[in-house]
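Student: Quick one: structure below, then a few questions.
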């Protein structure tokens, strides 16, 4: 390829366009965060230095960052995968909770298995629980016309209360003296290990990276990935082309739920060693931020999850060393999401204005969140 041919310019422009808004959003959010820190009579430079040190300053900090990023990669992939199919899965939180609870239950009920079988079995149980719970809004959308945004929001509340019931009722830890709602500790054979000498690389983080590559391969290199993307762009055109739209929508939501369920399972099996309500709060919702910040691309999701994970891991150090409240991190993430979402809404409105009527029939250039003709 000759330098003067210009064949490299178009991909470069697309890459710059793809990362410009996320980078600008991060920069603006950090600047606003610095202003708030100054108002609170703190030093932004010292605060951000402590934040960086808490996330990357030591090997233990790096391991903590990877642990924080792992469920975010899975939940971000879940949201991004649904986006590719033209669906807005706000139910990743509920699917993650079901995956976490199911993996914890299988992790302590099943005994006598070697780790090479028990760990995959528990992760698979979490994936199936998330997939089944994710398939419900997909089926409701196709068979009853219920919008997935509404149904997934409602299903989140059902998941929260149902998993709370499981941890306080039939699967409660009955250890003498325990007064906390939680399941018993999982068997050692069900624990996801850390690779290398501690601090090392969590195996769950490696699984998350492999999941990102798998999602990229599935969407970019397989027939079902092509069908999912086609349905996401235009369900009517996909149906005209012979694609089974109903099946694809349900499968998309099920696979999205499976990814979220694995994220919950890895958190239970690799970090906490049991399911306890409250430990996984917000991970599914953070997945929305991660997916949008990563432009719904699997590789972008990995990098954005690492960023959010680093901020979560470094926030305590920022509080203890400089006295800056960790709520600043939540504010920064909210500002990032605001700018990303504002751009999506702007483009959605532009497409809505582009609707046109041909022979009395309205042709929709946008049919919903993340879904375009």
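Student: How large is the helix-only mean residue ellipticity at 222 nm for the chain, computed as the sum of -39500 (n - 2.57) over DSSP H runs with n ≥ 4, divided by its residue count, in deg cm²/dmol to the nearest 500?
Tutor: -24000 deg cm²/dmol, from helical runs alone.
Student: At a Förster radius of 25 Å, what calculated FRET efficiency corresponds to the Cβ-Cβ distance of residue 27 and residue 321, to the nearest 0.05?
Tutor: Plugging the Cβ-Cβ distance into 1/(1 + (r/R0)^6) gives 0.60.
Student: Further question on the same structure: Could you give the length gained on full extension between residue 12 and residue 132, defined as 0.36 nm per residue of separation minus the Cα-Cα distance, in nm?
Tutor: 39.2 nm is the gain from fully extending residue 12 to residue 132.
Student: Give, to the nearest whole percent, the P(r) tail of the chain beyond 29 angstrom, counting all Cα pairs.
Tutor: Above the 29 Å cut-off, the chain has 46 percent of its Cα pairs.
Student: Right, something else. Figure the gain on full extension for residue 19 and residue 222 (residue separation times 0.36 nm, minus the Cα-Cα span) and round it to one decimal in nm.
Tutor: This chain segment gains 70.5 nm when fully extended.
Student: If you don't mind, there's one more thing I want to ask. Considering every Cα-Cα pair within the stretch 1-95, what fraction, in whole percent, is farther apart than 23 Å?
Tutor: 58 percent
Student: Residue 157 versus residue 180, label points 7 Å from Cα toward the beta carbon: distance in nm?
Tutor: 2.8 nm
Student: Give, to the nearest whole percent, the P(r) tail of the stretch 71-118 beyond 11 angstrom, counting all Cα pairs.
Tutor: Summing the P(r) tail past 11 Å for the stretch 71-118 gives 71 percent.
Student: How big is the Kirkwood radius of the stretch 105-188, worked out from every pair of different alpha carbons and given in Å to one decimal? Show your work: numbers first, answer last.
Tutor: Working: mean 1/r = 0.0668 Å⁻¹.
Final number for the Kirkwood radius of the stretch 105-188 is 15.0 Å.
Student: Using label points projected 7 Å from each Cα along Cα→Cβ, tell me how many nm separate residue 116 and residue 240, to one decimal.
Tutor: Roughly 5.4 nm, to one decimal.
Every number here is computed from the coordinates shown, using simple stated rules; none is lab data. As the structure is a computational prediction, the values presented were derived from the model and not from experiment. Heads up, the Cβs are rebuilt from the backbone with ideal geometry, glycines too, and the neighbour counts pull from every protein chain shown.
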